[in-house]
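These notes are about the structure you will find just below.
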Amino acid sequence: EPEVTQTPSHQVTQMGQEVILRCVPISNHLYFYWYRQILGQKVEFLVSFYNNEISEKSEIFDDQFSVERPDGSNFTLKIRSTKLEDSAMYFCASRLLNYGYTFGSGTRLTVV
Amino acid sequence: GQNIDQPTEMTATEGAIVQINCTYQTSGFNGLFWYQQHAGEAPTFLSYNVLDGLEEKGRFSSFLSRSKGYSYLLLKELQMKDSASYLCAVRIHSGNTPLVFGKGTRLSVIA
């Protein structure tokens, strides 16, 4: 069964550093998303992406965040200057038309 | 704002049936999803309802009433591996719109 692949599975970074989280969505999917889940809390939407541009973003997705689809397969989330409160599980998801959103296995980001 | 409510925790016995409820008040509605999430793992898709009624898929069924803003997930013949969080999520609009998640219901299946 096709999968959404995320790397790395776990990243530890110092406060103020930049991190790039990588995702390879399912190849024929058209819509891409980043979500985050702080430990013990609900899954929260960050940003959606379609046709090489951002479709929608939440209030969490401020100027420290950016997304790119640099080469037609990878989909990246960059956090420019990490803060302690950015520590969370970050999930990439993709979907085709009206079908279920398929989530990747996530990157656990720990900011110290 | 968008509001999706589900019980925080439930406990059920192996072999039994459990019903997890979800109510929503959202600015629009274009489908309701149920996901299963084991601790530390990704949510995995269980079901999708956009019209009223019951959708059955093996041991899992999901029901939707749009007029009541209500859904439930029914799990039959519970197994220990069903211990997980069950997430109710609503798609507000059509097109490239994200899912809005509830806080999830942590289900513990006991022997």
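Please treat every number below as a calculation from the coordinates, not as lab data. Computed from a prediction, not measured in an experiment: that's the story for all the values here. Glycine gets a Cβ as well: all are built from the backbone with ideal geometry, and neighbour counts include every protein chain shown.
Residue by residue, the stretch A:81-91 carries 3J(HN,Hα) couplings of 9, 5, 10, 4, 6, 7, 4, 5, 8, 10, 10 Hz when phi is fed to the Karplus relation 6.51 cos²θ - 1.76 cosθ + 1.60 (θ = phi - 60°); x denotes Gly or Pro. Using the Cβ-Cβ distance between B:Leu54 and B:Ser108 with R0 = 41 Å, the FRET efficiency computed as 1/(1 + (r/R0)^6) comes to roughly 0.95. What does the charge count near A:Ile79 come to, summing +1 for each Lys or Arg and -1 for each Asp or Glu among other residues with Cβ under 15 Å from its Cβ? Here the count lands on 0. Reported to the nearest whole Å, the Cα centre-to-centre distance from the stretch B:1-69 to the stretch A:3-47 is 24.
Summing Lys and Arg as +1 and Asp and Glu as -1 over all other residues whose Cβ lies under 14 Å from the Cβ of A:Thr102 gives a net charge of -2. Using the Cβ-Cβ distance between B:Glu9 and A:Leu97 with R0 set to 45 Å, the FRET efficiency works out to roughly 0.80. So which lysines pass the test for B:Lys81, namely a Cα distance under 25 Å, with those fewer than 8 places away in the same chain ruled out? Here the lysines satisfying the reach criterion relative to B:Lys81 are A:Lys42, B:Lys57, B:Lys103. B:Ala89 sits among other residues whose Cβ lies under 13 Å from its own Cβ, and their net charge, with Lys and Arg +1 and Asp and Glu -1, is +2. Per residue of A:54-64, other chain Cβ atoms within 10 Å of the residue Cβ number 1 on average.
Placing pseudo-labels 7 Å out from each Cα toward the beta carbon at A:Ser55 and A:Lys83 gives an inter-label distance of 2.8 nm. FRET efficiency for the A:His10 to B:Gln79 pair, using the beta carbon distance and R₀ = 22 Å, is estimated at 0.15. Residue ranges A:53-62, B:93-102 sort as B:93-102, A:53-62 when ordered by packing (mean number of other C-beta atoms within 10 Å per residue, highest first).
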